[in-house]
1. Looking at region 143-172 only, could you name the residues that are assigned to a loop (DSSP other than H, G, I, E, B), of a type in the set (A, V, I, L, M, F, W, C) and in contact (Cβ under 8 Å) with a residue 24 or more places away in the chain?
2. Read through the list (1) out of contact with any helix residue (DSSP H, G or I) (no Cβ under 9 Å at 6 or more places or on another chain); (2) under 30 Å from L131 (Cβ atoms); (3) surrounded by fewer than 20 Cβ atoms within 10 Å (Cβ to Cβ), then give the number of the only condition that W194 fails.
3. Please verify whether C404 is within 25 Å of R275 (Cβ to Cβ), over 16 Å from the mean Cα position of the chain (by Cα) and modelled with pLDDT of 90 or more, treating the condition exactly as stated.
4. Those residues that are part of a helix (DSSP H, G or I) and crowded, with 24+ Cβ neighbours inside 10 Å, I need them from region 200-214; list them, please.
5. Open to solvent by 40 Å² or more (accessible area, probe 1.4 Å), modelled with pLDDT of 95 or more, over 17 Å from L369 (Cβ atoms) and of a type in the set (D, E): is that true of D229 in this structure?
6. Any chance you could count how many residues in region 199-223 are at negative phi and either modelled with pLDDT under 95 or of a type in the set (S, T, N, Q) (or both)?
7. Testing T407 on (1) more than 27 Å from L204 (Cβ to Cβ); (2) part of a helix (DSSP H, G or I), one condition comes back false. Which one is that?
8. May I ask you to say which residue of P159, P219 is open to solvent by 30 Å² or more (accessible area, probe 1.4 Å), over 25 Å from P242 (Cβ atoms) and touching an Asp or Glu at 6+ places or on another chain (Cβ under 7 Å)?
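The values are calculated or read from the model by the stated rules, or taken from the named source; none is laboratory data. Note that this is a predicted model, so its numbers are computed, not measured. Cβ placement follows ideal geometry from the backbone for every residue including glycine, while neighbour counts extend to all protein chains displayed. Ligands, DNA and RNA are excluded from the accessible area calculation, which covers all protein heavy atoms including side chains. Shrake-Rupley method; radii C 1.70, N 1.55, O 1.52, S 1.80 Å.
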Amino acid sequence: MSTTKDEDSLLTKKSFQLSLSPPRCAPFDTAHRSVMTFRNPASMPYIGDHHLDQAHSDYNLHSGIRERLMHLVYNADLHDIPHPHLAVDSPDGTTRFLGSVLPLEWQNKLRDSGGFRRICDELVQNFAIPLGAITKPRAARTFLQLTHQVKKMRYGQHPSQFIDLLFPEGVAEDDLAGMLIFVHGGAWGSGKTWFYRLTAAPFLKQNVAVAIVGYRVYPEGDVNVQVRDTELAYQKLSKEYPRLCGPFRTPRPIGLILMGHSSGAHVTLLFLIERIKRTIMMLEHAGERTAEQHLNGSTPAVKLVDHFVGLSGPYDISHHFDYEAARGVEELSPLKAACGHTREQFRLNSPAWRLKDFLPSIPPGRHELLPDTYFPRTLLVHGIEDDVVPFTSTSEAARVLRSCGITSIEEHYATKIGHQDVVVEFMLGGKVPIAVMEWLQKASFPQSSLMRSKL
């Protein structure tokens, strides 16, 4: 990595703090958590109402934890024992306070009843978007223009199962440079396609058609349902636009792009890896000759998409659960409920680890079945000052994927950029979409703005 000015440095006080991220703090109602929230652990339940919730019980049942904490607390001032990864000026103080005082039942009910979704969507719809329209009138006009261009296409019976399609005006299908399939985020439990309509603008300028996927979010669907909806949307696009999407797509200057933001990046990468697994298993049972024909072009396209772009994704669910626990939101966030309640399920639903755990099942010597053959060019983008999903999520995912033999993966860390900034810059303009467009149009990413993971 190289930079030219101090203000453009990736190493800042905040990014250094975030580099010490997950795991940062123990989950709700544990002895560790009691100390971190400045409460006496003797007054807090250790098992509580979690019953068989493995994510919590491991902390509580570990031999000696309670005794060591009690010794620590009674032999020192409680307020002088901050968690080593939490700075004094951490912005998470409010959420940690709320997480410690709101009854667990209230937090879970808000999450499981859809209240979380309503609150998040209302905040965006009634505050963020109107404020943006006032402060960015040019973007508001662009939004209205795009709204008139949108074509809605359903891929299922549920109200959330639809795709917002946008095509460059006056460009024939044969002249399109490619297609973008975009899956929005929202912590697995919120978000609407029209919130992200402006993300289409920079792609339409490059003559790329855009498909923004609506899908069922928690509590209407867990991560498996969300991956399935993404696949159904892909299949629908392949059926309706076979020359742009799917195995029979025609070569284009840019090609087929799969992109997701935040939890949408997690869902899309999980979808991609699950499809690669299924392709490998199918070819394994079909025999070496069929696999060779597949690779030699005797059958449809080898790769599901030409490019994958992940924006600020929480790819390791177990780590991100710990990070949410540090912020005091793990019982309110849909993460645990949507991705499984145990560490085993967290690992299964972590894309890079799912691929890693699949590798031993590939027969020795069957090089044509190695996942790198079927993996698209991949760019993982993260704001270096993202305190919702720390950039370590991207660096760790890239490290694990490379350990699986994936070679076509690159990382881009943007200076002075937070979690929402990454996708907002696609809407309003900025350095992130410029960097992504350059990457899409070039064989290699500029080394000056690329920091590879060395963790």
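1. Our first condition is that a residue be assigned to a loop (DSSP other than H, G, I, E, B); within region 143-172, this holds for 150, 155-161, 167-172.
Still in the list and also of a type in the set (A, V, I, L, M, F, W, C): 150, 167, 171-172.
Passing the criteria: V150, F167, V171.
2. (1)
3. Values: within 25 Å of R275 (Cβ to Cβ): yes; over 16 Å from the mean Cα position of the chain (by Cα): yes; modelled with pLDDT of 90 or more: yes.
So C404 fits the description; yes.
4. Pass one, region 200-214, residues part of a helix (DSSP H, G or I): 200-205.
Hits for region 200-214 are A200, F203.
5. Working: open to solvent by 40 Å² or more (accessible area, probe 1.4 Å): no; modelled with pLDDT of 95 or more: yes; over 17 Å from L369 (Cβ atoms): yes; of a type in the set (D, E): yes.
No, not satisfied.
6. Residues of region 199-223 that are at negative phi, as a first pass: 199-206, 208-223.
Next, from what is left, pick out any that are either modelled with pLDDT under 95 or of a type in the set (S, T, N, Q) (or both): 199, 206.
Result for region 199-223: 2.
7. Condition not satisfied by T407: (2).
8. On the way: P159 fails: touching an Asp or Glu at 6+ places or on another chain (Cβ under 7 Å).
Only one candidate passes the filter, namely P219.
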